[in-house]
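Take a look at the structure set out below.
The values are calculated or read from the model by the stated rules, or taken from the named source; none is laboratory data. Note that this is a predicted model, so its numbers are computed, not measured. Glycine also receives a Cβ, built like all others from the backbone with ideal geometry; neighbour counts cover every protein chain displayed.
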Amino acid sequence: MLTDSNYLEIWNLTKSFPTPKGPATVVKGFQLNVARGEFVSLIGHSGCGKSTVLSMIAGLSEPTSGGIILAGREIDGAGPDRGVVFQAPCLLPWMTAFDNVLLGVQQVKPDASRAEQGDIVKHYLELVGLADAIHKRPAELSGGMRQRVGIARAFALSPKMLLLDEPFGMLDALTRLELQEVLLEVWSQHQMTAVMVTHDVDEAVLLSDRVVMMTNGPEAQVGEIVKVPFARPRDRIHLMETTAYEDVRDELLSFLEERAHIKPSIPTTDEDARPAPAAGSTVSC
Ligand SMILES: Nc1ncnc2c1ncn2[C@@H]1O[C@H](COP(=O)(O)OP(=O)(O)O)[C@@H](O)[C@H]1O
Ligand SMILES: [Mg+2]
């Protein structure tokens, strides 16, 4: 039965990929319930299977076994009821920020008038701080600004949930902090159910209600879950000065450190080794 506490229900999720040596089971028996309006982060070592889990929730990849139920319906493919934000937003280079966001809004609100659709687009672009860049094309925007468009686009869909895969992983440290604030602000206005993959412990604590730590793969699953007890709205500086913040941070770091020496026995995808797309490149996905 659907209740607010199991808005997203991930049940015994397992994913195997074929390899020349036979199937490699990356994720096995992953179980998690996410409440309606909850922000959950998924952290774990590179290659443990975080993106694999997220892409199954997005419906971009099929579980080998187990299932995912969102708002009472089993996920069986991608759809605009899930707003997805990847490391680099996939923006159409010949279209302005406005038109890129409009594309999504037209998909979910086909019967709204052009003016109504435009108002939604403007609202979200303003909310992410792009009021002055609405009519700029991706090539005229910095990486951080492009990611702001990506965030606006995801929220503008009014999806059932947000899925974010290391959304700030390609940005410089300062822009990353700025965008965390933007996400925190926009999220706090809409309280959308969210699952975010990150390997940044501070980012996870700042944004989340709970942090889910995954064990190292293969056969990765939920290791520990840490509740982030801080009231919202949250202020980074104030939060970081508290001993409670240190406690949560230490708990996460010690989980990761304990597992840092364990080498996964299947090849990993090293996110950091992937080349960043050139500024102003064509479709940046
Ligand atoms: N399409 C695929 N085919 C084969 N192996 C894959 C595929 N996608 C991911 N993997 C493997 O699954 C493991 C987990 O990958 P991933 O979910 O990207 O890790 P993370 O996001 O935690 O860094 C890695 O060992 C990776 O090589
Ligand atoms: Mg990943």
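Give V201, V228, V222 a once-over and let me know the one that is under 30 Å from P63 (Cα atoms) and crowded, with 21+ Cβ neighbours inside 10 Å.
On the way: V201 fails: crowded, with 21+ Cβ neighbours inside 10 Å; V222 fails: crowded, with 21+ Cβ neighbours inside 10 Å.
Exactly one of V201, V228, V222 is under 30 Å from P63 (Cα atoms) and crowded, with 21+ Cβ neighbours inside 10 Å, namely V228.
Across segment 205-221, the number of residues qualifying as under 14 Å from V195 (Cα atoms) and in contact (Cβ under 8 Å) with a residue 60 or more places away in the chain comes to 8. Evaluation of I10 against the conditions (1) crowded, with 22+ Cβ neighbours inside 10 Å; (2) in contact with a Lys or Arg (Cβ under 9 Å, 6 or more places away or on another chain) shows that the sole unmet condition is (2).
If you go through segment 124-135 and keep only what is part of a helix (DSSP H, G or I) and in contact (Cβ under 8 Å) with a residue 12 or more places away in the chain, you end up with Y124, L125, L127, A133.
Applying the set (1) within 16 Å of ligand 1 (Cβ to nearest atom); (2) among the hydroxyl-bearing types (S, T, Y); (3) within 29 Å of V201 (Cα to Cα); (4) surrounded by fewer than 14 Cβ atoms within 10 Å (Cβ to Cβ) to S5 leaves exactly one unmet item: (1).
Quick one: is T19 of a type in the set (V, I, T) and away from ligand 1 (no atom under 15 Å from the Cβ)?
Numbers: of a type in the set (V, I, T): yes; away from ligand 1 (no atom under 15 Å from the Cβ): no.
So T19 does not fit the description; no.
Considering every residue within segment 102-122, establish whether at least one is under 17 Å from L183 (Cβ atoms) and either part of a helix (DSSP H, G or I) or under 17 Å from the mean Cα position of the chain (by Cα) (or both).
Residues of segment 102-122 that are under 17 Å from L183 (Cβ atoms), as a first pass: none.
Checked against the condition, which is being under 17 Å from L183 (Cβ atoms) and either part of a helix (DSSP H, G or I) or under 17 Å from the mean Cα position of the chain (by Cα) (or both), segment 102-122 yields no hits at all.
Please go through (1) basic (K, R); (2) touching a residue at least 40 places away in the same chain (Cβ under 8 Å); (3) surrounded by fewer than 21 Cβ atoms within 10 Å (Cβ to Cβ) for R176 and return the number of the only condition it doesn't satisfy. The single condition R176 does not satisfy is (2). The number of residues in segment 121-170 that are farther than 19 Å from L103 by Cβ and surrounded by fewer than 18 Cβ atoms within 10 Å (Cβ to Cβ) comes to 3.
Among the residues of segment 178-213, which ones are within 16 Å of ligand 1 (Cβ to nearest atom) and charged (D, E, K, R)?
Here is the first cut: in segment 178-213, the residues within 16 Å of ligand 1 (Cβ to nearest atom) are 195-201, 203-204, 211-213.
Scanning segment 178-213 gives D200, E203.
Being surrounded by 15 or more Cβ atoms within 10 Å (Cβ to Cβ) and at pLDDT below 95 is a property that does not hold for G66.
Determine if segment 68-75 includes at least one residue that is more than 20 Å from G223 (Cβ to Cβ), near ligand 1 (Cβ under 10 Å from one of its atoms) and not hydroxyl-bearing (S, T, Y). No, there is no match, as no residue in segment 68-75 is more than 20 Å from G223 (Cβ to Cβ), near ligand 1 (Cβ under 10 Å from one of its atoms) and not hydroxyl-bearing (S, T, Y).
Taking segment 21-53 as the search range and keeping residues that are of a type in the set (S, T, N, Q) and either more than 12 Å from ligand 2 (Cβ to nearest atom) or over 20 Å from M196 (Cβ atoms) (or both), which one is nearest to the chain's Cα centre (by Cα)?
Filtering segment 21-53 down to residues of a type in the set (S, T, N, Q) leaves 25, 31, 33, 41, 46, 51-52.
Keeping just the survivors that are either more than 12 Å from ligand 2 (Cβ to nearest atom) or over 20 Å from M196 (Cβ atoms) (or both) gives 25, 31, 33, 41.
Values: T25: 23, Q31: 18, N33: 16, S41: 8 Å.
Selected residue: S41.
Give me the residue from segment 43-96 that is touching a strand residue (DSSP E or B) at 6+ places or on another chain (Cβ under 8 Å) and of a type in the set (D, E) and, out of that set, farthest from A154 (Cα to Cα). Among residues in segment 43-96 that are touching a strand residue (DSSP E or B) at 6+ places or on another chain (Cβ under 8 Å) and of a type in the set (D, E), the one farthest from A154 (Cα to Cα) is E74. Filtered by the rule that a residue be outside any loop (DSSP other than H, G, I, E, B) and either within 13 Å of ligand 2 (Cβ to nearest atom) or out of contact with any Lys or Arg (no Cβ under 6 Å at 6 or more places or on another chain) (or both), segment 156-173 gives A156, L162, L163, L164, D165, A173.
Restricting segment 1-20 to residues that are within 12 Å of G72 (Cβ to Cβ) and touching a residue at least 12 places away in the same chain (Cβ under 8 Å), the residue that is nearest to the chain's Cα centre (by Cα) is L8.
Can you spot a residue in segment 54-75 that is more than 16 Å from ligand 2 (Cβ to nearest atom), basic (K, R) and free of Cβ contacts under 8 Å to residues at least 24 places away in the same chain? Working first, answer last.
First pass over segment 54-75, keeping only residues more than 16 Å from ligand 2 (Cβ to nearest atom): 59, 62-75.
Restricting the remaining residues to those that are basic (K, R) gives 73.
Still in the running and free of Cβ contacts under 8 Å to residues at least 24 places away in the same chain: 73.
Checked segment 54-75: at least one residue is more than 16 Å from ligand 2 (Cβ to nearest atom), basic (K, R) and free of Cβ contacts under 8 Å to residues at least 24 places away in the same chain.
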